[in-house]
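Below is one structure, written out as structure tokens; the observations come after it.
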Amino acid sequence: MENNSISFTSKIRFVERHIYSIMDKKNFIDFAHSKPNILKADEFYSEEIRTCTGGGLVNPYHEAEGFHLWDDLTNKRNFPHLINSLFRFVKKPERGLLVGSKELEKSPYSIEQFDKFKKVFLERVKDVSIFQQHTFPCSETHYHYSLDSDTWTLCTRYKNEKELNYKSVRSLEALKKCFKYISIAKGDRLFIGRKEIFPSEAPEIFE
């Protein structure tokens, strides 16, 4: 029998802050418990992911959801409920993305939370791109997802504690410095600005 299945790929693009700022964006996802922090939509975005865990689940060009979850005791206790919610909104996701966490004394659940999401995602989703653990104490990631183009746009900013101004990831070297672990899922395409980064340039981060 002929196999008519189509293998989709998601695009992941890192941009500088001013580019991210001028993008048209809708459907903001906040991490506060009083607001929706898991949202199914054709487009969504979230900002200031630091010690939190963020990302989304996608069936390309069909359905998608995003989330931004605070690394606190409430979400630690509610982890099974959060997982059920995620996989109820998008039941059989083909692709996913995870970003966030940071090792800070004042954020004792950050690494643990990310590791738990990573474990479940890798067990239940075929292809997941991962940007794990900001390495700079002063760092954060903003993201936007569009189902129409199946594109994740990320802005990761960082600085040393003594520096006044943040810098945005604008090179492969900077990207690798900003996260402890990076894994680009099979088929996903990575861009930094307008430049595509091919597996031959960084085989250690591509599956």
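Here is how the numbers come out for the structure above:
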item: Those residues of the range 176-207 which are assigned to a strand (DSSP E or B), open to solvent by 40 Å² or more (accessible area, probe 1.4 Å) and either closer than 17 Å to K118 by Cα or in contact with a Ser or Thr (Cβ under 7 Å, 6 or more places away or on another chain) (or both), in sequence order; result: K180, Y181, R189
item: Near pairs, Cβ below 9 angstrom, 6+ apart or cross-chain, from the range 60-71 (without any contact (Cβ under 8 Å) to a residue 40 or more places away in the chain) to any residue that is assigned to a strand (DSSP E or B) and of a type in the set (D, E); result: H68/E47; H68/E48
item: Hey, F136 touching a Cys at 6+ places or on another chain (Cβ under 7 Å), at pLDDT 95 or above and surrounded by 15 or more Cβ atoms within 10 Å (Cβ to Cβ) or not; result: yes
item: Condition check for E161: of a type outside the set (S, T, Y) and in contact with a Pro (Cβ under 8 Å, 6 or more places away or on another chain); result: yes
item: Positions within the range 63-110 being within 15 Å of the chain's Cα centre (by Cα) and among the hydrophobic types (A, V, I, L, M, F, W, C), in sequence order; result: A64, F67, L69, W70, L86, L97, L98, V99
item: Cβ-Cβ under 8 Å pairs, at least 6 apart or on other chains, the range 98-127 side closer than 19 Å to K186 by Cβ and of a type in the set (K, R), far side part of a helix (DSSP H, G or I) and open to solvent by less than 20 Å² (accessible area, probe 1.4 Å); result: R124/F87
item: Single residue of D115, D148 found to be open to solvent by 10 Å² or more (accessible area, probe 1.4 Å), at pLDDT 95 or above, assigned to a loop (DSSP other than H, G, I, E, B) and among the charged types (D, E, K, R); result: D148
item: Of all residues in the range 45-92 being in contact with a strand residue (DSSP E or B) (Cβ under 9 Å, 6 or more places away or on another chain), of a type in the set (A, V, I, L, M) and outside any strand (DSSP E or B), the one that is surrounded by the most Cβ atoms within 10 Å (Cβ to Cβ); result: L86
item: Subset of the range 151-175 (residues that are part of a strand (DSSP E or B) and over 17 Å from the mean Cα position of the chain (by Cα)); result: K159, K167
item: Residues satisfying the stated conditions in the range 123-133, i.e. surrounded by 15 or more Cβ atoms within 10 Å (Cβ to Cβ), of a type outside the set (K, R) and more than 12 Å from the chain's Cα centre (by Cα); result: V125, D127
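The values are calculated or read from the model by the stated rules, or taken from the named source; none is laboratory data. All figures in this text were calculated on a predicted structure; none of them were measured in a lab. Here the Cβ is made from the backbone with ideal geometry for all residues, glycine too, and neighbour counts use every protein chain on show. These area figures cover heavy atoms from the full protein model, side chains too; ligands, DNA and RNA do not enter into them. Shrake-Rupley method; radii C 1.70, N 1.55, O 1.52, S 1.80 Å.
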